[in-house]
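The values are calculated or read from the model by the stated rules, or taken from the named source; none is laboratory data. These numbers were taken from a predicted model, which means no experiment stands behind them. The accessibility values were calculated without ligands, DNA or RNA, using every heavy atom of the protein model including side chains. Shrake-Rupley method; radii C 1.70, N 1.55, O 1.52, S 1.80 Å.
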Amino acid sequence: MTDSSTRRTVLATGAAAALAAGCSKYGDGNDSSGSSSVRATGGQELAKTSEIPVGGGKIFKDKKIVVTQPTKDEFKAFSAICTHQGCTVSTVANGTIDCPCHGSKYRVADGSVEAGPAPKPLPVEQIKVEGNSIRLA
């Protein structure tokens, strides 16, 4: 093998490794195990039920979760990561969970898309309501 072919092999191998590493965004909390260092652990309290307005919700950016209360005493939880391009949703108002990046809106009742460009609903997150405490399941 010549020096130039060895150099090409090393460069090609390095480029392939760099491309493979670039498949996740820096700081998105995802690793190869599928776990997230910012994700709350099961059983951890997110909020008191009184903190979630009826017809609205609350975003927990550090946990990447949004909790809603579509009707009195009915609580739902969804990923706070927009299915369009991965931005974190920023507001819950007028019955929708809103993404600031491109205007996607999701319904507080079921996380379905009300206005695009989001291609699919927000993924459901599992919660438990125990008394007046909302916890991750």
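Quick rundown of the values:
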{"read-out": "Exposure of residue 130 as accessible area (Å², to 10), given a probe of 1.4 Å and all protein chains", "value": "90 Å²"}
{"read-out": "For the stretch 59-99, the spread of Cα positions along each principal axis, largest first, Å", "value": "31, 21, 13"}
{"read-out": "Range of Cα positions in the stretch 44-121 per principal axis (Å), largest first", "value": "32, 24, 16"}
{"read-out": "Computed lengthening from residue 109 to residue 44, 0.36 nm per intervening residue step minus Cα-Cα distance", "value": "21.1 nm"}
{"read-out": "Residue 60 long-range amide H proximity, modeled H, under 5 Å", "value": "65, 66, 67"}
{"read-out": "Nonlocal amide H pairs with residue 91, under 5 Å, H built at 1.01 Å", "value": "98"}
{"read-out": "Cross-link partners of residue 76 among lysines (Cα-Cα below 27 Å; sequence separation of 8 or more within a chain)", "value": "48, 58, 61, 63, 64, 105, 120, 128"}
{"read-out": "Accessible area in the full protein assembly, largest first, 1.4 Å probe, for 90, 112", "value": "90, 112"}
